[in-house]
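Q: Below is one structure. I have some questions about it.
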Amino acid sequence: MNEFDSERIEFILKQMGYKRENNPGISDLIIINTCAVREKAKNKLYGHLGRYKEYKIKNSSMLICVGGCTAQNLKEQILDDFPFVDIVFGTHNISSLPLIIEKRLKDNKKICSISEEGFDYDLKKFKKTYDFKSYIPISIGCNNFCSYCIVPFVRGKEISIKPELILENIKRLVQTGVAEVTLVGQNVNSYGKDLENIVTFSEILADISEIRGLKRIRFMTSHPKDLSSDLIDIIASRDNIMPHIHLPLQSGSDRILKLMNRHYTRDSFLKLTEQIRKNIDNCAITTDIIVGFPGEEEKDFYDTLDMVQRIRFDRAFTFIYSKREGTKAAEFDDRMSLKMKKYFFKELVDVQNKISFERNQCKIGNRYEVLVEGKGPKGTFEGRLEDSTLVNFEYNENDIIGKFINLKITDAKSFYLKGIKI
Ligand code: SAH
Ligand code: SF4
């Protein structure tokens, strides 16, 4: 979602006449689009701002702007802590950026523009960064209030974008050459419940898959509590809906899942993954896991590890719990030492990396269609299989980014495959 917002910001600024400059020191305007999911993101912002102060001293007419979730969360505090910042804007204020910037340039007064909620996307006017793939938000905000998570506080309540608008926008993008769309929402599975005419996620997905010329449809994130059998059926039955589900487990302990306010159990999660694998051929399942949630004990951690070993996710994004002020979990007693959390974290990462490695090894010798997404290291290219596994390969033509090619897999690591042209 944050990457999508950055694309929009870039587009809006280009319309104002700005040009992308990768050297911040000589820019007229610097925008930092922040994340707030973990404390580390805030520390990073403060680090960047410390550096940008030097630029501002050298060039006082430079504008420094902070947007995104940390801006939404800290509001005026950013202006208080860093008096050289010119503009702070929230997650619902991106469309107003031209007005905000013009006002700042005219009045020479600092601006903090934060709306608590709302929907300010104009998908029709928006042009994405890549020619061949695009993010499409289908809902913004979140109503789930998982106890550790700051997202509902900084993104507001869940609002679904009207199906007509989504379909019209994707059709327009496909006409301009887009082959792959990734539908984004904090919980795509609850899409449409707030619409006047209720539409389910599987229904909109079925409609999107009918769009001629659209080769690959991806989506994220799926909350396990809302993933329906209809959705599994539709993925299984449509060739252009990719066999990959990102299904965050967060914890494998029923006690911790309850404290996290996740509304599913080990057992229901296991059954769901079995149903996915039984019905969707070669479906990749990836996940997010938090280690060291307040109150987590050794037994809970080993319940998580047990789930990881049983389910054998293709990949997992693993995080050490980060306390976010204002969330429910911030009030919980957190007694496990950081040393212990890091120890468990490493154990989890080691186990998962081995599983990812083994799952990738099974692909050696197979042939796949790959969408070439960009350049890899040392003159190679990178692309993705249908199940979203990354492949690195050499190719004797140069003009292949955005195209589909066929590769044979020759080697496999934990995080990527190697392939050759066939
Ligand atoms: N809406 C998505 C996730 C958004 S945040 C979902 O529900 O799956 C992405 C991931 O960051 C989460 O899945 C979770 O694993 C992690 N995360 C969120 N808050 C966190 C926190 N306070 N500490 C550590 N990890 C966190
Ligand atoms: Fe956060 Fe839970 Fe909403 Fe995901 S579903 S954004 S983890 S509150």
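Q: Which of the DSSP-defined H helices in the chain satisfy a minimum axial length of 24 Å, computed from C-alpha atoms, and a minimum mean Kyte-Doolittle hydropathy of -1.0? Could you put the intermediate results ahead of the total?
A: On the way: long enough: 39-58 (30 Å, -1.62); 338-361 (34 Å, -0.82).
Helices meeting the span and hydropathy rule in the chain are 338-361.
Q: Taking all protein chains in place and a 1.4 Å probe, what share, in percent, of the accessible surface of the chain do carbon and sulfur account for?
A: 49
Q: In a Debye calculation with equal point scatterers on the alpha-carbon sites of segment 292-422 and no solvent, what is log10 I(q)/I(0) at q = 0.14, 0.20 Å⁻¹?
A: -0.73, -1.02
Q: Which value, in debye to the nearest 20, gives the size of the charge dipole of segment 268-325 about its Cα centre, when Lys and Arg are +1 and Asp and Glu are -1 at the Cβ?
A: On the way: 9 positive and 11 negative charges, 54 e Å.
For segment 268-325, the charge dipole is close to 260 debye.
Q: For residue 289, enumerate residues with amide H under 5 Å from its amide H, sequence gap 5+ or separate chain, H modeled in the peptide plane.
A: 250, 317, 318, 319
Q: About its Cα centre, what dipole magnitude does segment 2-113 give when the only charges are +1 on Lys and Arg Cβ and -1 on Asp and Glu Cβ, stated in debye to the nearest 20?
A: Working: 18 positive and 14 negative charges, 32 e Å.
With Lys and Arg at +1 and Asp and Glu at -1, about 160 debye.
Q: Going by the alpha-carbon gyration tensor, a ≥ b ≥ c the square roots of its eigenvalues, is segment 189-331 rounded (a/c under 1.5) or, if a/c is not under 1.5, prolate (a/b greater than b/c) versus oblate? Each step should come with its number before you reach the end.
A: Values: a/c = 2.36, a/b = 1.65, b/c = 1.43.
Note, shape of segment 189-331 comes out prolate.
Q: Okay, helix-only estimate at 222 nm for the chain: each DSSP H run of n ≥ 4 adds -39500 (n - 2.57), divide by all residues, round to 500 deg cm²/dmol; what do you get? It would help to have the intermediate numbers written out before the result.
A: On the way: 13 runs with 151 residues, N = 422.
Calculated at 222 nm, the ellipticity per residue is -11000 deg cm²/dmol.
Q: Next question, about the same structure. Loop-only check: which trypsin sites (Lys or Arg not before Pro) in segment 367-403 are DSSP coil with at most 15 other Cβ within 10 angstrom? It would help to have the intermediate numbers written out before the result.
A: On the way: sites: 367, 375, 378, 384, 403; in loops: 378, 403.
Answer in residue order: 378, 403.
Q: I've got another one for you. About the Cα centre, and with charges only on the beta carbon of Lys, Arg (+1) and Asp, Glu (-1), how big is the dipole of the chain? Nearest 20 debye, please. Present the calculation step by step, with values, prior to reporting the outcome.
A: Values: 66 positive and 60 negative charges, 212 e Å.
Here the chain has a charge dipole of around 1020 debye.
Q: Do any cysteines in the chain lack another Cys Cβ under 4.7 Å, and if so which?
A: That list is 35, 65, 69, 112, 142, 283, 362.
Q: Still on this structure, I have one more. Note down, for the chain, the three equivalent ellipsoid semi-axes (square root of 5 times each alpha carbon gyration tensor eigenvalue), biggest first, whole angstrom. Can you show the working numbers first?
A: Numbers: eigenvalues 233, 162, 106 Å².
They are 34, 28, 23 Å, listed from largest to smallest.
Q: For the chain, with a Gaussian network of springs between Cα atoms less than 10 Å apart, report the residue from 25, 379, 185 with the top mean-square fluctuation.
A: 379
Q: Compute a Gaussian network model of the chain, connecting alpha carbons closer than 10 Å, and tell me which residue from 32, 159, 241 fluctuates the most.
A: Among 32, 159, 241, the largest mean-square fluctuation in the Gaussian network model of the chain belongs to 32.
Q: Do you know the Lys pair count in segment 2-113 for C-alpha distances under 18 Å, with sequence separation 8 or more or different chains?
A: 12
Q: Considering the alpha-carbon set of segment 1-143 alone, what are its Rg and its Dmax in angstrom?
A: Cα-based Rg and Dmax for segment 1-143 come out at 14.8, 45 Å.
Q: Then there is this: Could you tell me which of 134, 186, 165 has its Cα farthest along the dipole of segment 128-242 towards the positive end, charges placed at Cβ (Lys, Arg +1; Asp, Glu -1), taken about the Cα centre?
A: 134
Q: Now for a different question. Can you tell which of 305, 340, 353 lies farthest toward the positive end of the dipole of segment 275-377, using +1 and -1 charges on the Cβ of basic and acidic side chains (Lys, Arg; Asp, Glu)?
A: 353
Q: Give the cross-link partners of residue 299 among the lysines, using a straight C-alpha distance below 23 Å as the criterion and excluding same-chain residues fewer than 8 apart.
A: 258, 271, 323, 328, 339, 341, 342, 346, 354
Q: I would also like to ask the following. Which value, in Å³ per residue, describes the convex hull spanned by the Cα atoms of segment 249-362? Numbers along the way, then the final one.
A: Numbers: hull volume 10.8 nm³, N = 114.
Output value, Cα hull per residue: 94 Å³.
Q: Related question: Stokes-Einstein at 10 °C, 1.306 mPa s, Kirkwood radius from Cα pairs: D for segment 367-421 in µm² s⁻¹? Write out the running numbers ahead of the final one.
A: Working: Rh = 10.8 Å.
Diffusion coefficient, whole number: 147 µm²/s.
Q: Let me know the number of lysine pairs in segment 128-242 closer than 19 Å at the Cα, not counting same-chain pairs under 8 apart.
A: Taking the Cα cut-off of 19 Å, the pair count is 10.
Q: For Cα pairs less than 8 Å apart in space and 6+ apart in sequence, what is the mean separation divided by the residue count of the chain, i.e. the relative contact order in percent? Display every interim value, and only then the final one.
A: Details: 761 pairs, mean separation 42.1, N = 422.
Result for the chain is 10 percent.
Q: Just the accessible area per residue of the chain, please: how many Å² with a 1.4 Å probe?
A: Counting only protein heavy atoms, the per-residue value for the chain is 48 Å².
Q: May I have the pair-distance distribution P(r) for segment 62-195, computed from all Cα-Cα distances with 10 Å bins from 0 and rounded to whole percent?
A: Pairs per bin, as whole percents: 12, 34, 32, 20, 3.
Q: Ok, one more. In segment 248-290, if the dipole is taken from +1 on Lys/Arg beta carbons and -1 on Asp/Glu beta carbons about the Cα centre, which of 256, 272, 283 is farthest to the positive end?
A: Value: 256.
Q: Taking the full set of protein chains and a 1.4 angstrom probe, give the accessible area of residue 153 in square angstrom, rounded to the nearest 10.
A: We get 100 Å² for residue 153.
Q: Here's something else I'd like to know. Under 1.5 on a/c is rounded, so check that first for segment 128-242, then, if it is not, pick prolate when a/b is larger than b/c and oblate when it is not; a ≥ b ≥ c are the square roots of the alpha carbon gyration tensor eigenvalues. Show your work: numbers first, answer last.
A: Numbers: a/c = 1.81, a/b = 1.45, b/c = 1.25.
Prolate.
The values are calculated or read from the model by the stated rules, or taken from the named source; none is laboratory data. The structure presented is a predicted model; accordingly, all values stated were derived computationally and were not measured. As a convention, Cβ positions derive from the backbone with ideal geometry for all residues, glycine included, and neighbour counts pool all protein chains shown. Remember, those area values only see protein heavy atoms, side chains included, never the ligands or the DNA or RNA. Shrake-Rupley method; radii C 1.70, N 1.55, O 1.52, S 1.80 Å.
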